[in-house]
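Q: Here it is, the structure, as structure tokens.
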Amino acid sequence: MNYKIFSWNVNGVRAVLRKNALQNLIANKQPDILCLQETKAKEGQAETDFEEYEEIWNSAKRPGYSGTAIFTKKSPLSVQKGLPEDLCIKYDWGADLYGTPLDEGRVLTAEFPEFFLVTVYTPNSKPDLSRLKLRELLWDPAFLAFLKDLEKTKPVVVCGDFNAAHTEIDLARPKDNEKNAGYTPEERKGIDNLVSAGFIDTFREFNPDTRRYTWWSHWNHARENNVGWRIDYFFISNSLKDNLKSAEIYENIMGSDHCPISIELEF
């Protein structure tokens, strides 16, 4: 059994559909499973008509904001939207100026025979770092606890927009961004903790020293000049290492300020 899994922060699913970008990706790459982040839509608001795919949506309560989705050719055994209630109550989430991340459709999990697949749209720390403490003290530890709890049952594949560059080679200008959202020590530590817990950064497994990026600012022709950040990832449980056959970034696929990424697993 092979799984060709793609992940893409589309920055609005209706926008990429208008550009025919999502249709082209599906037609040209034929993913078995496609995970989307920042859909900015509820199920039924977007004209998706991909007959081979079952659609699973987890939308934010706030209209036109955040959200995740999974389009899959392989029907999942089970689906879970958001973080589990028993985990949520262990943390004092409260709400900030933006609300609570628990209502923002940020996590979607589908169970397959060989693994759990989790897609995530991690909260942005914001330019003024007003959500950094939420990331450091609540979101990152709670999300890791969720993944480790899933791992007690079967291996985990987790993908999506983690809104952080892990190391110096994951962004074009690390020195200029050391105190900026997406490259603070606290955010980087969140990814350190994932790796320390046994999750493999699949792209780095094949490309330990390569500078390639998945997101570019709209400012100053950043994408044309490839002044980017690698903030979109596939992580897998260590027990899946031998099943991992490829990990790729598709910088030339346009339609969003992020580009798609993929892995292939073989069982």
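Q: For segment 250-266, which positions are of a type in the set (A, V, I, L, M, F, W, C), assigned to a strand (DSSP E or B) and over 17 Å from the mean Cα position of the chain (by Cα)? Spell out the reasoning first.
A: Here is the first cut: in segment 250-266, the ones of a type in the set (A, V, I, L, M, F, W, C) are 253-254, 259, 261, 263, 265.
Checking the rest, the ones that are also assigned to a strand (DSSP E or B) come to 261, 263, 265.
Across segment 250-266, the qualifying residue is only Leu265.
Q: Being part of a loop (DSSP other than H, G, I, E, B) and open to solvent by less than 50 Å² (accessible area, probe 1.4 Å) is the filter; apply it to segment 150-166 and report the residue that is nearest to Asp192 (Cα to Cα). Working first, answer last.
A: Let us first name the residues in segment 150-166 that are part of a loop (DSSP other than H, G, I, E, B), namely 152-155, 162-166.
Adding the requirement that they be open to solvent by less than 50 Å² (accessible area, probe 1.4 Å) leaves 154-155, 162-166.
On the way: Lys154: 22, Pro155: 19, Phe162: 12, Asn163: 14, Ala164: 11, Ala165: 11, His166: 8 Å.
If we take residues in segment 150-166 being part of a loop (DSSP other than H, G, I, E, B) and open to solvent by less than 50 Å² (accessible area, probe 1.4 Å), then His166 is nearest to Asp192 (Cα to Cα).
Q: Between residues in segment 244-261 that are more than 29 Å from Glu114 (Cα to Cα) and residues that are in a strand (DSSP E or B), which pairs lie under 7 Å by C-beta distance while being six or more apart or on different chains?
A: Every condition considered, the pairs that remain are Ser256/Trp8; Ser256/Asn9; Asp257/Trp215; Asp257/Trp216.
Q: Please specify each residue of segment 163-191 satisfying the condition of being aliphatic (A, V, I, L, M) and farther than 17 Å from Asn207 by Cβ.
A: Applying the first criterion (aliphatic (A, V, I, L, M)) to segment 163-191 yields 164-165, 169, 171-172, 181, 191.
Ala164, Ala181, listed by residue number.
Q: Quick check on segment 99-126: of everything there that is of a type in the set (A, V, I, L, M, F, W, C) and in a loop (DSSP other than H, G, I, E, B), which residue is surrounded by the most Cβ atoms within 10 Å (Cβ to Cβ)? It would help to see each step written out before you state the result.
A: Restricting attention to segment 99-126, the residues satisfying the condition of being of a type in the set (A, V, I, L, M, F, W, C) are 102, 107-108, 110, 112, 115-118, 120.
Narrowing the set further to residues that are in a loop (DSSP other than H, G, I, E, B) leaves 112, 115.
Values: Phe112: 22, Phe115: 25.
Of everything passing the filter in segment 99-126, Phe115 is surrounded by the most Cβ atoms within 10 Å (Cβ to Cβ).
Residue-wise test of (1) over 22 Å from Lys4 (Cβ atoms); (2) not in a loop (DSSP other than H, G, I, E, B).
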{"site": "Glu186", "(1), (2)": "yes, yes"}
{"site": "Leu194", "(1), (2)": "yes, yes"}
{"site": "Asn226", "(1), (2)": "yes, no"}
{"site": "Tyr233", "(1), (2)": "no, yes"}
{"site": "Lys245", "(1), (2)": "no, yes"}
{"site": "Glu248", "(1), (2)": "no, yes"}
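Q: Now, a different point. Are any residues in segment 189-216 open to solvent by 40 Å² or more (accessible area, probe 1.4 Å) and under 16 Å from Val156 (Cβ atoms), and if so, which ones?
A: Asn193, Val195, Ser196, Glu205
One line per residue, one yes/no per condition, for (1) touching a Cys at 6+ places or on another chain (Cβ under 9 Å); (2) surrounded by 15 or more Cβ atoms within 10 Å (Cβ to Cβ):
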{"site": "Ile56", "(1), (2)": "no, yes"}
{"site": "Arg62", "(1), (2)": "no, no"}
{"site": "Ala69", "(1), (2)": "yes, yes"}
{"site": "Pro76", "(1), (2)": "no, yes"}
{"site": "Gln80", "(1), (2)": "no, yes"}
{"site": "Glu85", "(1), (2)": "no, no"}
{"site": "Tyr91", "(1), (2)": "no, yes"}
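Q: Right, here's the next one. If I ask for residues that are of a type in the set (Phe, Trp, Tyr) and open to solvent by 30 Å² or more (accessible area, probe 1.4 Å), which ones from segment 6-49 would you list?
A: Taking segment 6-49 as the starting set, the residues that turn out to be of a type in the set (Phe, Trp, Tyr) are 6, 8.
Matches in segment 6-49: none.
Q: Okay, moving on. Find the helices (runs of 4 or more DSSP H) located wholly in segment 12-98 whose residues include 2 or more that are at pLDDT below 95, and list them.
A: Working: elements: 13-18, 21-29, 85-88.
Helices (runs of 4 or more DSSP H) meeting the threshold: 85-88.
Q: Next question. Output the qualifying pairs, or none if there are none: Cβ atoms under 7 angstrom, residues six or more apart or on different chains, first residue in segment 120-139 and under 28 Å from Ile70 (Cα atoms), second residue open to solvent by 20 Å² or more (accessible area, probe 1.4 Å) and assigned to a strand (DSSP E or B).
A: Matching pairs, first to second residue: Arg131/Asp96; Leu134/Asp96.
Q: Scan (1) assigned to a loop (DSSP other than H, G, I, E, B); (2) within 18 Å of the chain's Cα centre (by Cα) for the single condition Trp139 breaks and write down its number.
A: (1)
The values are calculated or read from the model by the stated rules, or taken from the named source; none is laboratory data. Here the structure is a predicted model, which is why all the values come from computation and not from measurement. Here Cβ is always computed from backbone atoms with ideal geometry, including for glycine, and neighbour counts include all displayed protein chains. Ligands, DNA and RNA are stripped out before the accessible areas are found, and what is left, the full protein with its side chains, is counted by its heavy atoms. Shrake-Rupley method; radii C 1.70, N 1.55, O 1.52, S 1.80 Å.
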